[in-house]
Structure formats: C-alpha cells, structure tokens
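Report on the structure given below.
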Amino acid sequence: MRTWIAAGLAAVSTAVAACADEARPNVLWIVVDDMSPNFGCYGETAIATPNVDRLAREGTRFSRAFVTAPVCSASRSALITGMYQTTIGAQNHRSGRGAETIRLPEGVDPIPALFRRHGYYTAIGSPQGGGKLGKTDYNFEWDPGLYDGADWSGRKPGQPFFMQVQLNGGKQRENENWLKTGRKRFGVTIPDVVKPPPYYPRDPVILEDWAAYLDAVRHTDRQVGEVLARLEREGILDRTVVLFLTDHGISHARGKQFLYDEGIHVPLVVRGPGIPSGAVRDDLVSHIDLAATSLALAGAPIPKAMQARDLFANGYAPRDAVFSARDRCDETVDHIRSVRTDRYKYIRNFLPDRPHLQPNRYKDAKAIVRRLRELHAEGKLDAHQERLLFAPTRPKEELYDLRADPDEIHNLAEDVAHRETLEALRKRLDDWIVETGDRGATPEAASMYDSDMKVYVDGQKAAEAEILRRNIAIMKGWAAEGK
C-alpha cells in the first residue's frame, strides 16, 4: 500500500513539474554579428526582409535600442551578464585571452547559469541545430558547463530551454566563397540603389561593399526564417519568446568600434507569449536589458545588482539616456564614452591627440578602409569626409543634435547656444562613470596588454603578425608621448 501511495505521489509530482515546465516559455535569442537596423520594418527599402518583418508584425519592435559597446566581445560580455562591460572589467576587446585572465565580480553570473538554476536547458549554436557550440566571445573566464548543448533538442520532455542562435550577419562580407557564389543564389543588390551615409563617398568600392552588406542582411533574414520554420514544425513557436538583435552596428569607418549611431544603434524585436503584437516602442533601451527581460519572462528572479531592466515590467520606467563605451579594440588603444538622450549625443574622446582611424590590422585589411585611405591620399574626399574620417586629431568633446543632424556631422560642442546642453550631458557622463564604477577610467595594465597581444600575434600568419607588431609599437610609442 505504502509503495503504491509513494509511486502515485511521485507520478503526481512528476506531472505537476511537467505542467509547470510547460507553462514557462522557451526563450530564444537570435544574435547577429555586425549589423545595423537595415530591415524593412526599420524603413530599409533596397531589400526585402519578410521574416524579421514578421517578428515585428507579430511582436514588439524597439526603434531606439543601443549597445553598450560597439565591438563583439565587449558587447557580448555585457549582454550575457546584464552588466555594463566597464563595470565588470570586460571593456577591452578580446581581453583576458592570454596568461592574464579576467574574472567576473562576486555576485555577477552569466545569464545561462541563472536559467540553468531555474530548470532551463541551455544551448548555443546555429539555426540548423546540432554540431558544436556557437560563438560566445566573452572576455571573462566562464565554465563551458553553462551550456547543456548546441541545440534545444537535447532537453528533457517538456523542459523549457534558453537558446542563443548565433548568426554571422555582416561578417558574411568577409567570406570570399559567399561573396563569389552563395550571395548570388538569391540575387544581388545593385550598388546604384544603396544609400550610404553622406560622410562616405559614392565610390564603386564603397557602394559594392554596401550592396554586399545588404545581401548579408537578406541572408540573415532567411536564416531567421529557418529558425521560425523549425519552431513551427516542432509545434513550439507559440510557447517561445524570440528576441532578435545584433551585437553592434555595421562594420565600417564610423560604425563598428565607434560610438556614433552607426556603431551602436541596433535592431531589437521581441515576439512570443505575453508580448504585445504589432507594437512599436520608441523609448531608449540598452541591449543589456535583454538579460533582465528574459529572466522575467521565464519567471526567474533578477539579481538585485544587475544593471539591466525588464522592458515589459509593470510600471516600467523608461530610460532617459543610454550610455556606451569603446576601449581597446584588438591592438588599437582608445578610450571613448558617450551618453545619448532622445535628442542629443555627447561623446568624450579621452585620447584626442590620436586620429579617428588609428592603425588597426583588422579594419585596415577591409577593402572599404583601404579605399578610403587611397581616396584620402589622392585628395578626393570632400571637406566633411576629410574632417570626420582623417583629421589627425579629434575634439575632446562632441555634441550632436540628432533631430537636426542624424548623421552626426556637425559638432556643436563649441557652440555657445548649446552650452547648457553640453554641460548637462557632461555631468550625466561624469556621474555614470562614478556610479557604475567604470574600470576603463584606469588605463589597461601593460602586462595585460602584452598578455593579450602575444595570443593575438601568435595566432596570425607571418605578414599579419608583422603588421600587428608594427601597430603595437605605434601604440606604445604614442602612450610614451602622452598621446
């Protein structure tokens, strides 16, 4: 009798647990490399993006979402913890990869660890499922056990999952095979129809690259469609919250690595149970907010120290400003901070004696940057392009009226008519630096730089390694000069 009762109670307990699991939504992030909001639902007209547009039509689109860092690893380190990368010491791109490592502060955990504690199956991989784990690129030490697998199919029956689908996005332009063959399978965007920002010349190389970028957007959209189709085939689409975003903006001369909107403005669309459909949110949001939002959707507690905010919380108080930071990118040392409000952008260049386009092996290898340098040498850029891209120094402060000047061309920092705004935003940034414990305020230790550079140089072919050594010497020379 007791055995039967015990068995019955165990069965009931199992059934209740299964029901509880079924009630919790799956949470799926689609995270894309190097892509700005060039989708139909964001106003792009040169290409069609039906799958991301569907997410927006059936969910909520955020028109003003911004990353806290305009480069992969720093952005992803912030995203996966719900913390500013500057607070957790992960602000330098591809840092902590050598003999000297970085550990998260006490009480800060990656989101997958929090989902696992809440009973979720965690996975990171590709749209097709299976295979090896997908891109992480975190700047801190982390346990591979954060992830149960590369795909949600490995979970127990009824167990909810937290999945990160990683897509190459704008990096498809770096894939020669895709450029030569894969890109042409679905048609090619005509360069004449593309409209780069006015600070880029309408040069054939620039236009062709932008056209290839738009084809990468279309490729990304098809991959999103594959994910949605799989969820539908398995009958779990309506039990899954899908969050679509990119890790930063397009990789270009004022995009990736920089704090202009081209580098930090990203698409963000959320669709799923409990999410308003067909809604557009125009409030300012930070990409780190996905951490708190995702935990809340799963019914998991949000750590009190987390800097992210639940975007769908009752009584949600919108941000009146978003903050971003750029520090070392690969071998190239920089230190830039920004605060963006509904109307204005304030940027502070802590190393103003260095040029905008400092030597950087990764970006200097791109055809677009090579062509820009050629046009500069030939005197074929207009005055705005020369000033914005090739001035030998930068202003200590930049201020832009984004309503009147969305391309951030006219710096108002010296305009007396905007002095009050400048001073207010200067203070906002000063306060943020103190309140969030910005670790970038202290220059990166030489030993850490050397540790990371050894790994970086050792991983390159001879020609690239020589370029890196030369650039590293330039960085150290400028630092010794106080630049």
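The values are calculated or read from the model by the stated rules, or taken from the named source; none is laboratory data. Computed from a predicted model, the values in this text were never measured in an experiment. FYI the Cβ positions are ideal-geometry reconstructions off the backbone, even for glycines, and counts take in every protein chain you see. Calculation scope for accessible area: heavy atoms of the full protein, side chains included, ligands and nucleic acids excluded. Shrake-Rupley method; radii C 1.70, N 1.55, O 1.52, S 1.80 Å.
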*All positions within the range 343-387 that are more than 23 Å from Ala463 (Cα to Cα) and acidic (Asp, Glu)*: Asp353, Glu378, Asp382, Glu386
_Given the criteria closer than 27 Å to Val241 by Cβ, open to solvent by 20 Å² or more (accessible area, probe 1.4 Å) and part of a helix (DSSP H, G or I), does Lys184 qualify?_
no
*Name the one entry in Val108, Val67 that is open to solvent by less than 10 Å² (accessible area, probe 1.4 Å) and closer than 24 Å to Ala292 by Cβ.*
Val67
*Out of (1) part of a helix (DSSP H, G or I); (2) out of contact with any Asp or Glu (no Cβ under 7 Å at 6 or more places or on another chain), what's the single condition that is false for Glu44?*
(1)
_Tally up the residues in the range 273-288 that are among the small types (Gly, Ala, Ser) and under 22 Å from the mean Cα position of the chain (by Cα), please._
1
*asked:* For the range 316-327, check the following and say yes or no: at least one residue is within 27 Å of Tyr346 (Cβ to Cβ), at pLDDT 95 or above, touching an Asp or Glu at 6+ places or on another chain (Cβ under 6 Å) and of a type outside the set (Lys, Arg).
replied: yes
_Can you tell me which residue is most open to solvent (accessible area, probe 1.4 Å) among those in the range 434-483 that are of a type in the set (Phe, Trp, Tyr) and farther than 13 Å from Asn360 by Cα?_
Trp478
*Within the bounds of the range 246-264, is there any residue that is in contact with a Leu (Cβ under 9 Å, 6 or more places away or on another chain), over 30 Å from Glu208 (Cβ atoms) and touching a residue at least 12 places away in the same chain (Cβ under 8 Å)?*
no
*If you go through the range 444-458 one residue at a time, do you hit one that is of a type outside the set (Gly, Ala, Ser), closer than 24 Å to Ile264 by Cβ and touching a residue at least 40 places away in the same chain (Cβ under 8 Å)?*
yes
_Criterion first (farther than 30 Å from Gln385 by Cβ and either of a type in the set (S, T, N, Q) or out of contact with any strand residue (DSSP E or B) (no Cβ under 6 Å at 6 or more places or on another chain) (or both)) does Pro301 satisfy it?_
yes
